[in-house]
Structures are given as C-alpha cells and as structure tokens.
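> Once you've had a glance at the structure underneath, I'll fire off some questions.
The values are calculated or read from the model by the stated rules, or taken from the named source; none is laboratory data. Please read these numbers as outputs of a predicted model, since none were measured by experiment. Every residue, glycine among them, receives a Cβ derived from its backbone with ideal geometry; neighbour counts consider all protein chains shown.
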Amino acid sequence: MRSLPIAVIIALVGVGLFQPIARSGSSAASPTRQLTDITGRTITIPSQVTRVADAWHANNGMVLMMGAADKIVATTLQAKRQPWFRRLFPRIEQVPAAFDEAGEVNIETLIAAKPDVVLMAYGGTLPRWKATADAYGIPVFMMPNTSLVDLKMTARMTGEVLGPRESARAAEWIRHVDDNIRRVTAVTSRIPASERPKVLHTATGTILTIDGVKTVIDDWITVAGGVNAATVVSNARPVSMEQIAAWNPDVIIVGTAPNDESRRAILNDPRWSEIKAVRTGRVYVNPSGVYLWDRHSAEAALQVLWAAKTLHPDRFPDLDLRKETKAFYAKFFNHTQPVGDDRIRMSNDQSPCRSVPRPPRALSPMAAITSAEDLARERKRSHHSPAERYSGQGPGCSRECPLTRRGHGGRRG
C-alpha cells in the first residue's frame with residue numbers, strides 16, 4: 001500500500017474519517033508513568049514499556065546492550081543492515097524499518113507497529129510527524145546526541161524508559177565508559193599541545209564530508225590525545241580539498257562503514273598525496289560492530305581506547321585492544337568470541353598489500369580493530385608510498401602480504 005502524505009493523515013484524523021487505532025497492550029485504565037525528555041517536555045508512557053520504536057540508528061544497539069532488543073517493534077534501515085547486529089540479534093530481520101537512512105518516517109509502518117514509545121535523537125526540532133503520532137497516542141521521547149556527556153545521558157534516559165532492569169544495565173555501562181575515559185586521560189592529559197596530532201575524521205561515503213567540533217567525534221579525539229583538524233561545527237559537513245590541504249591533518253580516520261573503499265580512495269587520489277597523514281601512512285579505518293564505534297553508540301566505550309592506542313601507541317604499550325574488545329562484548333552483549341576470531345586483522349582489511357576488497361560479511365568486531373602497532377611497524381619497514389603499500393603496486397612489493405603471510409586475497413583470522 002502506498003504511504004499517505006502526513007498532512008493528509010492529519011486531516012483525515014481531524015474530520016474523523018481516519019480513526020486512530022488502539023495500541024495493543026494499552027488501554028485508558030493502564031497504569032502510566034511520566035518522564036522528562038531532553039526538550040523539557042513531560043512524556044507519559046506505560047508503567048511497563050514492552051514495545052519500542054527506535055528511530056535512532058545507534059540507539060538500537062544501546063537497547064540491545066541493555067538486553068531489551070525483544071522490545072524493538074520498529075527500527076531503522078541502517079540498524080537492520082548492521083551485520084554484527086544481525087549476528088547477535090537475528091530477529092532484527094523481522095522487525096519493520098519504519099525509519100529510512102535519513103531518519104524519515106513511514107507513518108503507516110510506525111502506526112501498525114503499535115509502539116508504547118518512540119525513542120529519537122534531538123536535533124533542535126521535533127519531528128514534523130509528531131502531530132500524527134500524538135493523534136495515535138504514541139509518545140515521542142527525545143534524547144541528546146552531541147557529546148560524550150550526552151551519550152551517557154542518552155544511555156541513562158533509554159534505561160529509564162525501558163524499565164528498572166535496563167536502567168541498572170545503563171548505569172553499569174556508564175561506569176565502564178567513565179573508567180575507560182579515566183584510564184586514557186590519565187595519560188593523555190599530560191601530553192603537551194605540540195605533541196597532539198591533528199585528526200581529520202570523515203563522516204560519510206564521500207571523503208569530502210567531515211565531522212567538526214561540538215560533536216561526540218570531537219570529544220573522543222580530545223580524550224584520546226588529539227586535536228580535531230576540522231574547525232567547522234557539527235557532523236557531516238561538506239568541505240573542499242583546498243580546506244583539507246589547509247588543515248593538513250597528521251592523522252585521518254575514515255568513519256562510517258563500509259569505509260575501506262573511502263580509505264583506498266584517499267590513498268589513491270593524487271590530490272591527497274601531499275597531505276601529511278597520507279605521506280606518513282597514518283590513514284585508518286574506524287572499527288564498527290553492532291554499530292559504528294565512532295558514533296553515538298554503546299561501543300564508544302571501546303572507541304576511546306582504540307583512538308588512544310591509534311594516536312599514541314607508544315604511550316599505551318600495555319593496552320591490549322584484543323582483550324578489551326573480547327571482555328566488552330562478553331560483558332555487555334553476552335557474546336564470547338570464538339577462538340578463530342582472536343587473531344586480529346588490520347581494520348577492515350587494511351593490510352598494506354591488499355588490493356581486492358572482501359565482500360561484506362558479518363565480521364566479528366575483533367576482526368575490525370586496527371592494530372596501531374602493526375601499522376607503525378609496517379610503515380618503518382616499507383619504502384613504498386602509502387598508496388603503493390596499500391595497492392601492492394610499489395617496487396618490490398611481494399605477492400605475499402607481510403602482515404598476513406598470505407597472498408593478496410587470502411583471508412586472515
């Protein structure tokens with residue numbers, strides 16, 4: 001059935017020709033409770049929330065981390081497409097995607113899901129379809145999304161919406177995040193400004209879209225001992241090549257998976273060849289798992305560790321990312337990595353001699369972590385340019401990759 005325009009649905013509701021439907025499990029006599037969302041609005045929800053529509057890609061993983069994925073009755077296309085989310089919660093395949101990649105709603109799908117509440121990121125305005133949700137008695141709960149402090153607040157608020165068990169889980173996760181930040185800043189707070197690398201973080205599939213200041217990305221760069229090379233404000237800002245050349249970052253982190261193609265595009269594009277990060281081989285792919293680690297996700301707890309180790313490997317010699325990642329997924333996602341995944345690959349196939357990208361598959365997050373130490377050692381060993389090291393076209397590049405000890409398309413780990 002074709003979706004009706006929101007304005008038409010609102011009009012039909014107003015004249016009584018398109019009546020709101022009762023939500024399953026709720027009635028006028030059902031007990032309720034009230035919470036205040038980030039906009040300051042008082043939101044009335046059932047005392048026991050059992051049906052959640054999560055319009056925020058990253059927050060679906062937060063709900064999974066809290067052990068409440070069975071409560072998700074409507075999700076986003078992007079959340080459904082995360083391979084590791086599907087691996088840990090196969091039933092997500094059957095959950096309807098009421099929200100597309102851009103966050104636009106299919107209002108009929110949302111109504112049919114009969115959620116007790118919609119969870120959303122607040123971007124400064126309420127959704128334009130809120131009046132329709134109100135007409136159907138579907139409360140919309142908004143949460144903050146611009147910093148690490150906001151991330152912890154979002155976890156707490158999500159837990160409060162879902163219930164006491166999830167709220168306790170959120171508190172445990174917040175303590176874990178705080179512990180990781182303290183571990184990192186105990187070292188990075190002593191790094192002088194002159195030794196903090198300028199870090200450029202790309203935001204989308206296009207390599208000329210970046211993440212600026214006043215974002216969660218800016219926060220973890222700072223925590224990890226770097227400085228955001230981008231001086232623009234907010235996420236996903238289009239920039240020119242001339243602007244990137246003026247910033248001349250020391251490190252480039254390619255975000256938004258699948259991102260191996262973007263890394264290859266940077267290394268093989270002559271316009272980037274004089275950027276310091278490219279000349280010195282410091283172009284990294286950001287790990288991802290249930291969701292993208294670098295975003296407003298539960299795995300931001302690991303992101304601060306990965307970023308610190310990547311930017312300053314010599315200052316974190318005892319930080320074992322393999323061990324940290326395995327422990328995190330076992331504790332917060334009840335998943336223990338199989339022995340075969342214990343061998344760490346270069347992030348998203350960043351082996352210097354790899355020339356053919358592997359088809360997408362449900363990789364273990366263990367297989368998506370960059371080993372900064374391996375990269376550093378390989379840079380010291382190689383006499384190739386970064387692009388030559390990556391493409392395997394440099395002089396003397398063996399058909400056997402020095403990191404995998406296998407041929408160019410061989411699987412590792």
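> Which members of region 91-145 meet the condition of being in a helix (DSSP H, G or I), surrounded by fewer than 19 Cβ atoms within 10 Å (Cβ to Cβ) and not β-branched (V, I, T)?
R91, E93, Q94, E108, A112, K130, A131, D134, A135
> Going through region 204-239 one residue at a time, which ones are modelled with pLDDT of 90 or more and among the charged types (D, E, K, R)?
K214, D218, D219, listed by residue number.
> List pairs: first residue in region 130-150 and farther than 16 Å from T36 by Cα, second residue of a type in the set (K, R) anywhere in the structure, Cβ distance under 8 angstrom, at least six positions apart or on different chains.
Matching pairs, first to second residue: Y136/R23; G137/R23; T146/K214; S147/K214.
> Taking the residues in region 170-203 that are in a helix (DSSP H, G or I) and polar (S, T, N, Q) as candidates, determine which candidate is modelled with the lowest pLDDT. Before you say what the answer is, go through the steps one by one.
Just the residues of region 170-203 that are in a helix (DSSP H, G or I), to begin with: 170-188, 193-195.
Now drop any that are not polar (S, T, N, Q), which leaves 180, 185, 188, 194.
Working: N180: 98, T185: 98, T188: 98, S194: 95.
Step by step, filter region 170-203, then rank; the result is S194.
> Filter region 212-248 down to the residues that are touching a Ser or Thr at 6+ places or on another chain (Cβ under 8 Å) and polar (S, T, N, Q) and list them by number.
Result: T215, N228, S234, N235.
> So how many residues does region 91-107 have that are within 14 Å of A121 (Cβ to Cβ) and among the β-branched types (V, I, T)?
1
> Considering each of E274, E299, E242 in turn, give the residue that is at pLDDT 90 or above and surrounded by 23 or more Cβ atoms within 10 Å (Cβ to Cβ).
When all the criteria are applied, what remains is E299.
> Restrict the check to region 280-290 and report whether at least one residue is surrounded by fewer than 16 Cβ atoms within 10 Å (Cβ to Cβ) and closer than 23 Å to S167 by Cα.
no
> Out of V199, V177, report the one residue that is in contact with a strand residue (DSSP E or B) (Cβ under 7 Å, 6 or more places away or on another chain) and buried (at least 19 other Cβ atoms within 10 Å of the Cβ).
Answer to the check: V199.
> Being of a type outside the set (A, V, I, L, M), closer than 11 Å to D294 by Cβ, under 20 Å from the mean Cα position of the chain (by Cα) and surrounded by fewer than 24 Cβ atoms within 10 Å (Cβ to Cβ) narrows it down to one residue among T209, T256, T215, T222; which is it?
Going through T209, T256, T215, T222 in turn, the sole match is T256.
Each row is one residue, and each column tells you yes or no for (1) modelled with pLDDT of 95 or more; (2) over 13 Å from W56 (Cβ atoms); (3) not assigned by TED's automatic domain parsing to the domain that holds F328; (4) not charged (D, E, K, R).
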{"residue": "A69", "(1), (2), (3), (4)": "yes, yes, yes, yes"}
{"residue": "I72", "(1), (2), (3), (4)": "yes, no, yes, yes"}
{"residue": "R81", "(1), (2), (3), (4)": "no, yes, yes, no"}
{"residue": "F85", "(1), (2), (3), (4)": "no, yes, yes, yes"}
{"residue": "A102", "(1), (2), (3), (4)": "no, no, yes, yes"}
{"residue": "K130", "(1), (2), (3), (4)": "no, yes, yes, no"}
{"residue": "Y136", "(1), (2), (3), (4)": "no, yes, yes, yes"}
{"residue": "P139", "(1), (2), (3), (4)": "yes, yes, yes, yes"}
{"residue": "L151", "(1), (2), (3), (4)": "yes, no, yes, yes"}
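> Quick check: is even one residue across region 133-148 closer than 19 Å to A69 by Cβ and of a type outside the set (S, T, Y)?
Yes, some residue in region 133-148 is closer than 19 Å to A69 by Cβ and of a type outside the set (S, T, Y).
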